[in-house]
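The structure appears below as structure tokens.
The values are calculated or read from the model by the stated rules, or taken from the named source; none is laboratory data. The model shown is predicted, which means the values in this text are computed figures rather than measured ones. Positions of Cβ are backbone-derived with ideal geometry, glycine not excepted, and every protein chain shown enters the neighbour counts.
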Amino acid sequence: MQQFRLRKTLDTLARKEGRGTELVSLYVPPGKQISDAMTMLRDEYGTASNIKSTTTRKNVMDAIVRVQQRLKLFKEAPENGLVIFCGAIPQNGAGSERIETYVIVPPEPIRIYLYRCDARFHTEHLQELLREKETYGIILVDSSAATIAKLEGRRLEIVREMTSGVPGKTRAGGQSARRYERLREMRLQEYFTRVGEHANEIFLPIETLKGIIIAGPGPTKYDFEKGEYLNYMLKAKVIDVIDTAYVEEQGVKEVVDKAPEIMRKIRYIEERRIVQQFLYEIGHDTGMVTYGEDEVRRALEKGAVRTLLLSEGVDISRVTVKCGSCGYQEEQTMKNQMLASFEQSLSGKPCPKCKVPTLAVVETEELIENFAKLAEYTNSDVEVVSGETEEGQMLKNSFGGIAAILRFKLSQ
Ligand SMILES: [Zn+2]
């Protein structure tokens, strides 16, 4: 949920544009001395004093000072590092710039030290972090050795390497062929059991484990996959068995190179599965689903929503309007691009209750955020569905991008 909020914040920040090259982004990784960053900012401040445009110069220097002020509040960089975005953002056309400052403590350690002054905020490094927060297990196995690794976000860690102890296919002279074959088979079983035990020990405690990829150069990996060596919960998470040219670390890197493709595939499979379930319930008229803003809101308020489905890019906000004289209040929903003109339309408009023209927008909240919050109160799952699959497109275009799978039927 926290992740969801951060993602929304970053989306908003990514869309902001400065008047010129005057928006500051600063990434301070854990372990970096705050004093180093302060020194660097002092130099940047000096450089900024040479900027020709008066307005840009003033805005950049102001932004740097604000960043310094924020940074001073930290004795040292937090455990996961620190990101500050600061700059003059036009609020309502030229000349309406206001300095905005955002301090973000990332959910996972950042690994870059970066200062940028640009026409936009450099949010992409944080966005990457969110996108890749999941963990994947990799088991590379062939008849000679096995390697167990985990891929956490972009960080690859080889956790264990073991040799098989299984003798080669050709026996030494003097042994009976059958006896040799039996011995080899036994050793192979022992080896697979050992690999399975280590994998269980490593992967079972990982809560964010999204899937396991089994790989290796030969056919051995299929024998391992088919057997009962992995815990059943892990076995259910095996998403792919792939060929590699190499063993050991080199082979693991081959898997990682293919990983983005595999992960994207999984995410899409999940999205399709969830939308298909929704469509199934609709098609069979089970009464266990609902869609549309008002219906879904009603279901959420009754705690009836098991899974809330929201399409990415539903650009609608919930606006609260209040009368400054009598306290009259109403809520409206509208497209984000209508917000500015709606606000303007309020000036001079009489309040429906007391007729005094003192209506004003007191709060705007993105609908997707508003719904996600409601879902949080009632412990509903939230799935943000991309438009990358046919099902995702259908959810957005045919159902307005807001739908829910219910816990129980609602009376009409
Ligand atoms: Zn009023």
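What's the number of the only condition in (1) in contact with an Asp or Glu (Cβ under 7 Å, 6 or more places away or on another chain); (2) outside any helix (DSSP H, G or I) that V60 fails to meet?
With (1) in contact with an Asp or Glu (Cβ under 7 Å, 6 or more places away or on another chain); (2) outside any helix (DSSP H, G or I) applied to V60, the lone miss is (2).
Give segment 347-363 a look and list any residue that's closer than 14 Å to E330 by Cβ and near the ligand (Cβ under 9 Å from one of its atoms), or say none.
P350, C351, P352, K353, C354, T358, L359
Quick check, is R19 surrounded by 15 or more Cβ atoms within 10 Å (Cβ to Cβ) and without any contact (Cβ under 8 Å) to a residue 40 or more places away in the chain?
no
Can you list residue pairs whose Cβ atoms sit under 8 Å apart, with the first residue in segment 321-350 being over 22 Å from F371 (Cα atoms) and the second being away from the ligand (no atom under 16 Å from the Cβ) and not in a strand (DSSP E or B)? Count only pairs 6 or more apart in sequence or on different chains.
A340/N92
Show me the helices (runs of 4 or more DSSP H) found entirely inside segment 338-412 where at least 1 residues are farther than 23 Å from Q91 by Cβ, of a type in the set (F, W, Y) and modelled with pLDDT under 90.
Once the helices (runs of 4 or more DSSP H) in segment 338-412 are filtered for at least 1 residues that are farther than 23 Å from Q91 by Cβ, of a type in the set (F, W, Y) and modelled with pLDDT under 90, what remains is 367-377.
Considering each of E79, E44 in turn, give the residue that is under 28 Å from the mean Cα position of the chain (by Cα), among the charged types (D, E, K, R) and farther than 16 Å from E124 by Cα.
Being under 28 Å from the mean Cα position of the chain (by Cα), among the charged types (D, E, K, R) and farther than 16 Å from E124 by Cα holds for just one of E79, E44, which is E79.
Tally up the residues in segment 329-346 that are among the acidic types (D, E) and within 15 Å of the ligand (Cβ to nearest atom), please.
Residues in segment 329-346 being among the acidic types (D, E) and within 15 Å of the ligand (Cβ to nearest atom): 1 in total.
Could you list, in sequence order, the residues of segment 302-328 that are surrounded by 13 or more Cβ atoms within 10 Å (Cβ to Cβ) and within 16 Å of the ligand (Cβ to nearest atom)?
Of everything in segment 302-328, those that are surrounded by 13 or more Cβ atoms within 10 Å (Cβ to Cβ) and within 16 Å of the ligand (Cβ to nearest atom) turn out to be T320, V321, K322, C323, G324, S325, C326, Y328.
Would you check if there is a residue in segment 263-274 being closer than 23 Å to L130 by Cα, of a type in the set (A, V, I, L, M, F, W, C) and exposed (fewer than 13 other Cβ atoms within 10 Å of the Cβ)?
Yes, because at least one residue in segment 263-274 is closer than 23 Å to L130 by Cα, of a type in the set (A, V, I, L, M, F, W, C) and exposed (fewer than 13 other Cβ atoms within 10 Å of the Cβ).
Among the candidates Y229, Y246, which residue alone is crowded, with 18+ Cβ neighbours inside 10 Å, in a loop (DSSP other than H, G, I, E, B) and over 23 Å from the mean Cα position of the chain (by Cα)?
Exactly one residue qualifies, and that residue is Y229.
Conditions tested, residue by residue: (1) in contact with a Pro (Cβ under 8 Å, 6 or more places away or on another chain); (2) within 20 Å of E383 (Cβ to Cβ); (3) assigned to a loop (DSSP other than H, G, I, E, B).
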residue: G287; (1), (2), (3): no, no, yes
residue: T290; (1), (2), (3): no, yes, no
residue: E295; (1), (2), (3): no, yes, no
residue: G303; (1), (2), (3): no, yes, yes
residue: R306; (1), (2), (3): no, yes, no
residue: K322; (1), (2), (3): no, no, no
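Residue-wise test of (1) in contact with a strand residue (DSSP E or B) (Cβ under 9 Å, 6 or more places away or on another chain); (2) at pLDDT below 90; (3) assigned to a loop (DSSP other than H, G, I, E, B); (4) of a type in the set (F, W, Y).
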| position | (1), (2), (3), (4) |
| --- | --- |
| A94 | no, yes, yes, no |
| E100 | yes, yes, no, no |
| H122 | yes, no, yes, no |
| H125 | yes, yes, no, no |
| L156 | yes, yes, no, no |
